[in-house]
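First comes the structure, then the notes that go with it.
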Amino acid sequence: MDNDTRSGFTIFGVSIAVAVIVVLVGFGIWAFLYVQSLNVQREGIRNSNEFFQSIQTDLTKSLAEYTTLDTKIAEAAGNQDLINAYHSQQKAIVAMMHQEADKLTPQEYKELSQQIRDFLIAHP
């Protein structure tokens, strides 16, 4: 091969390498900006009143379910298997309520109804 051909292959190879690098850097920048955009959107949703209201509603419903199970436990006197099942459901409800409450900031937690906060404190 003569020098012109070798030089042509070298220029072509360098051009391809530069193009690949440009594409990879461009993709990296796009991916970074996309992730940042998602984080901003996620934070906006999280800071919205709807987020807090949704969790408060879920916690209120769960507390009502827990209380209903208390009544069922009293009615099931003598049926230990049924009582054990109800207690297991109550444990699951308490765990779920704590998971939901953990999604809140300390300030949001303070805004929960006193009844829910008292329940969560009484059922660690």
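The values are calculated or read from the model by the stated rules, or taken from the named source; none is laboratory data. Nothing here was measured: the structure is a model prediction, and the numbers come from that model. Quick reminder, even Gly has a Cβ in these numbers, built from the backbone with ideal geometry, and neighbours come from all protein chains shown. For accessibility, only protein heavy atoms count, side chains too; no ligands or nucleic acids. Shrake-Rupley method; radii C 1.70, N 1.55, O 1.52, S 1.80 Å.
The label-point distance for Thr68 and Lys91, in a model that sets each label 7 Å from Cα toward Cβ, rounds to 2.2 nm.
The accessible-area ordering, largest first, of the residues Val94, Val23, Val35 stands as Val23, Val35, Val94, per a 1.4 angstrom probe.
Among 73-82, 113-122, how do they line up from the highest to the lowest mean number of other beta-carbon atoms within 10 Å?
Going from most to least packed, we get 113-122, 73-82.
Express the accessible area of the chain per residue in Å², computed with a 1.4 Å probe while the remaining protein chains stay in the model.
Working: 8970 Å² over 124 residues.
So the chain comes to 72 Å² accessible per residue, rounded to a whole number.
May I have the convex hull volume per residue, in Å³, for the Cα set of the stretch 58-124?
Details: hull volume 5.0 nm³, N = 67.
Value for the stretch 58-124: 74 Å³ per residue.
Of the labelled options [x] 19.7; [y] 15.6; [z] 16.9, which one gives Kirkwood radius over Cα pairs in Å as computed for this structure? After the calculation, the listed value that fits is [x]. Applying the Karplus relation 6.51 cos²θ - 1.76 cosθ + 1.60 with θ = phi - 60° to the stretch 78-92 yields 3J(HN,Hα) values of x, 9, 4, 4, 5, 4, 4, 5, 5, 5, 5, 5, 5, 4, 5 Hz, where x marks Gly and Pro. Of all aspartates and glutamates in the structure, the ones whose alpha carbon falls short of 14 Å from that of Lys103, not counting any fewer than 8 places away in one chain, are Glu43, Glu50, Asp58, Glu111.
Using R₀ = 35 Å, calculate the FRET efficiency as 1/(1 + (r/R₀)^6) where r is the Cβ-Cβ separation of Gln114 and Gln36; round to 0.05.
On the way: r = 39 Å, r/R0 = 1.10.
For R0 = 35 Å, the calculated efficiency reads 0.35.
With a 1.4 Å probe and all protein chains left in place, how much of the accessible area of the chain comes from carbon and sulfur atoms, in whole percent? Carbon plus sulfur share of accessible area: 62 percent.
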